[in-house]
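**Student:** I'd like to ask you about the structure that follows.
The values are calculated or read from the model by the stated rules, or taken from the named source; none is laboratory data. What you are looking at is a predicted structure, and each value in this text was computed from that prediction instead of being measured. Methodologically, a virtual Cβ is constructed for each residue, glycine included, from the backbone with ideal geometry; neighbour enumeration extends over all protein chains shown.
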Amino acid sequence: MVLAAGLGTRMRPLSQTVPKPLIELGGQTLLDHAIDRLVLAGVERAVVNVHYKAELIVERLAARRQPKIEISREEELLETGGGVMKALPLLGDVFFVVNSDVLWLDGKDYALTRLAGAFEDSRMDAVLLLQRTTSATGYEGRGDYFLDPLGKPRRRTEQEIAPYIFTGVQLLHRRLFEGITDKRFSLNRVYDRADEAGRLHAIVHDGEWYHVGTPEGLAATRARLSSHRIER
């Protein structure tokens with residue numbers, strides 16, 4: 001699933017006329033970059049949720065040949081967790097979820113393949129892809145997680161500075177959403193649920209990662225990628 005329903009508030013003024021997923025970077029849209037990563041990893045079917053300027057996104061997706069795309073329309077914004085829960089009838093038991101305002105270049109192996117390989121159904125409900133903050137282009141925050149040698153992440157407290165940022169790329173099991181009755185909620189809620197049950201896991205990305213959710217991040221990424229060729 002690709003999350004593309006947000007208002008793009010942090011990307012203003014660029015997102016006032018074009019939805020953030022359709023902003024171009026390196027000759028194609030952010031949304032296409034995200035979906036291309038799925039295709040390269042062998043994904044044959046993807047769900048994309050839409051809300052803000054939805055028809056522009058649907059029109060762009062109609063031009064793609066692969067993968068098979070299904071649209072999950074949100075009449076009201078449901079946030080990340082609510083958006084995924086609404087789309088559950090279109091998803092399998094275990095599925096990738098990818099933000100549309102990030103760009104990553106795979107390392108030795110496809111990041112999504114590594115996520116799938118790390119997942120163990122008997123002891124995990126979620127596997128997050130993390131990036132070292134020191135090598136995250138366009139990011140200037142305090143990080144999100146610490147990570148122990150066994151791959152168990154710990155969310156930082158408000159006073160701490162963490163060495164890893166969550167990339168917006170993950171693998172989830174649908175059982176994380178069981179019993180939730182709220183329509184609108186953040187995916188942080190299911191991460192915390194998995195963490196409390198001892199079923200949250202994470203791996204570190206071995207390639208490059210770019211935060212392009214703001215005009216500043218987009219500019220930094222464009223400068224960085226001026227000497228790169230993005231694999232399609």
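**Student:** Mind listing just one residue for me: the one in segment 3-56 that is in contact with a Phe, Trp or Tyr (Cβ under 9 Å, 6 or more places away or on another chain) and on the phi > 0 side of the Ramachandran plot and, of those, surrounded by the fewest Cβ atoms within 10 Å (Cβ to Cβ)?
**Tutor:** So, considering only residues that are in contact with a Phe, Trp or Tyr (Cβ under 9 Å, 6 or more places away or on another chain) and on the phi > 0 side of the Ramachandran plot, the one surrounded by the fewest Cβ atoms within 10 Å (Cβ to Cβ) is 42.
**Student:** Sticking with this one: Evaluate the following for residue 94: is it β-branched (Val, Ile, Thr), under 21 Å from residue 194 (Cβ atoms) and touching a His at 6+ places or on another chain (Cβ under 7 Å)?
**Tutor:** So residue 94 passes the test.
**Student:** Considering only residues that are in a strand (DSSP E or B), touching a Leu at 6+ places or on another chain (Cβ under 9 Å) and modelled with pLDDT of 95 or more, which ones fall in segment 105-141?
**Tutor:** 126, 127, 128, 129, 130
**Student:** Please find, within segment 163-208, the residue that is surrounded by the most Cβ atoms within 10 Å (Cβ to Cβ) out of those that are touching a helix residue (DSSP H, G or I) at 6+ places or on another chain (Cβ under 8 Å) and among the basic types (Lys, Arg).
**Tutor:** 193
**Student:** Do we have residue 168 as within 17 Å of the chain's Cα centre (by Cα), small (Gly, Ala, Ser) and not in a strand (DSSP E or B) here?
**Tutor:** no
**Student:** For segment 127-162, enumerate the residues that are crowded, with 16+ Cβ neighbours inside 10 Å and within 17 Å of residue 208 (Cβ to Cβ).
**Tutor:** The answer is 129, 130, 131, 133, 136, 137, 138, 139.
**Student:** With the checklist (1) in a helix (DSSP H, G or I); (2) at pLDDT 95 or above in hand, flag the one item residue 154 doesn't pass.
**Tutor:** (1)
**Student:** Here is a check on your reading of the model: is residue 69 in a helix (DSSP H, G or I) and either surrounded by 15 or more Cβ atoms within 10 Å (Cβ to Cβ) or of a type in the set (D, E, K, R) (or both)?
**Tutor:** So residue 69 does not fit the description; no.
**Student:** Just for segment 76-98: of the residues that are touching a residue at least 12 places away in the same chain (Cβ under 8 Å), on the phi < 0 side of the Ramachandran plot and not hydrophobic (A, V, I, L, M, F, W, C), which one is surrounded by the most Cβ atoms within 10 Å (Cβ to Cβ)?
**Tutor:** 83
**Student:** Tally the residues that are acidic (Asp, Glu) and under 19 Å from residue 187 (Cα atoms), restricting the search to segment 62-74.
**Tutor:** 1
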